[in-house]
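Reviewing the structure listed below.
Taken together, the values in this text are just the output of simple stated rules run on the coordinates, not laboratory data. The shown structure was predicted, so the numbers you read here are calculated from the model rather than taken from an experiment. Reconstructed Cβ throughout: ideal geometry from the backbone, glycine too, with neighbour counts over all protein chains shown.
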Amino acid sequence: MTDADIRKAFLGELTQIAPDIDADSVGPDDHLQDDLEIDSMDFLNLVTALHQRLGVDIPESDYPKIATLALAVEYLKARIG
Amino acid sequence: MGAFTMPSLGADMEAGTLIEWMIKPGDIVKRGDVVAVVETQKGAIEIECFEEGTVERLDAELGATLPVGATLATLRAQGEEATAFVETPAAPTPRTTRPEENAIPLTPAQPLEAAPAPPSRASEPISVAPRPGDTPPSSPAARIFAAERGIELSALRGSGPGGAVLLADVEAATPAPSQVASTKAAAKPGLDMAAMRIAIANAMARSKREIPHYYLTQTIDLQPATDWLTATNAKRTPGARLLMGALFVKATALAAAMISEMNGNYDAEGFHPVNAVHAGVAIALRGGGLIAPALHDAETLPLDDVMAKMRDLVARARTGRLRSSEMTDGTITISAMGDAGADAMAAVIYPPQVAIVGFGAPVRRPWIVGNTITPRTTVIVTLSADHRVSDGRRGAKFLAAIEAALQTPEAL
């Protein structure tokens, strides 16, 4: 998967969980919880959706590694291999 | 013959707009069936039927905004003749807003001749039509909304009982709303944030007016629960993981089942304890606003079921529809800050309930174990309870029960 594919998958699932978020307006360094007001339930649903879509099971200890779009793309790329 | 009426979906609701019928004449309905969808200040709610029978006719039209108690449909009981005419008794629906609940005393108790008329009362239609020039009767929400926007109530035609001006009438007369400053986290589509804010204001003002709150705060060692949760979730795939919020809800539900003065409803006759714990789970809506649908029988459910139901409630609060029973059945409310936020939260009780429990954000604090100070994850739990029903001694027992439950998370 290319960076663009991962980015699209991540934003697709994010906007599914929070439909009011405009995917185009999400900056690479926007913090999901602090800037986009994703709460713990939303975050868990995002991790669940990424698991189903990409087959990547993100452990709780790695949650900080997907805290922004830029971080998440790097992390998921490495995990997908 | 029975009337299926516009239900009150909470202390803050006075009217709703019928937006969808799920039934048609001739259909057989039973208790709990979703029969209609009503748009409220807190979004679209699926309305469940309270009784059984055959749908005789639909009385309300789609798009109509109707006060609580207005007839939506007529049901025929089993065996009843289709054509039989039976005087429909004006049976008050359970939880119908009491007249005094609507009466925010914005006006003096003895209104002067020129003073605005008293607010509309769903159960007591005002029969005198307003004369031109008079200030028409109006609902509290309508008055506040109109005042905020500088709209003259006397210029409006009311659609409520006796021509009372309702919130929807004022909204309809409001010039195209200037777009509320948009943030990245905007409102759920279709949700009117101004109306939601008014609904919350009305319910909370009523709570503070009627309920003599008292508050108790306790700092609880959350390390056992945190460790157990971390270990449990490490073995689970994301779809099966738990959140600390589910532990809070279950622990509070168990405590509420033990301390009956915290669990139930308070109405004109006084306090009615409820055996089952229908835990209102406070959910912050994106873009602002709050809703606390009930998680039924929380004290009996395994923790995994509590979590699954919380996921479902949050998902439907965000993007779908909550059900009328979820809006009205709550017996106590739990509100949690989440992972990040303030240390403690003294919340306002949601009438007609008598207690609400606020969990601050879990934080590592110095904690004394034996004779040593060690860092432990702790949480500050604040009980807001109703002094008409209980006092600090019972409240302290309740908090102690929550603390005890959280010390053995594997038993939750």
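Identify the trypsin sites (Lys or Arg not before Pro) of the stretch B:225-263 meeting these criteria: DSSP loop state and at most 12 other C-beta atoms within 10 Å of the C-beta.
Passing sites in the stretch B:225-263 are B:Lys235.
Which pairs, out of B:Lys42/B:Lys397; B:Lys208/B:Lys309; A:Lys8/A:Lys77; A:Lys8/B:Lys42; A:Lys65/B:Lys42, put more than 24 Å between their alpha-carbon atoms?
Pairs exceeding 24 Å: B:Lys42/B:Lys397; B:Lys208/B:Lys309; A:Lys8/B:Lys42; A:Lys65/B:Lys42.
Which trypsin sites (Lys or Arg not before Pro) in the stretch B:1-87 pass both tests, a DSSP loop state and at most 10 other beta-carbon atoms within 10 Å?
B:Lys30, B:Arg31
Roughly how many Å is it from the Cα centre of the stretch A:14-63 to that of the stretch B:19-71, as a whole number?
37
Can you tell me, using C-alpha contacts under 8 Å and at least 6 residues apart, the relative contact order of chain A as a whole percent?
So the answer I get is 40 percent.
Treating the stretch B:2-76 as a set of equal point scatterers at the Cα positions, no solvent, please give the Debye-formula log₁₀ I(q)/I(0) at q = 0.23, 0.27 Å⁻¹.
The calculated log intensity ratios at q = 0.23, 0.27 Å⁻¹ are -1.01, -1.36.
What is the extension gain from B:Ala240 to B:Arg364, computed as 0.36 nm multiplied by their sequence separation minus the C-alpha to C-alpha distance, in nm to one decimal?
Between B:Ala240 and B:Arg364, full extension yields 42.0 nm more.
If you take the charge dipole of chain A about its Cα centre, with +1 on Lys and Arg Cβ and -1 on Asp and Glu Cβ, which of A:Gln16, A:Ala4, A:Pro64 is farthest toward its positive end?
A:Ala4
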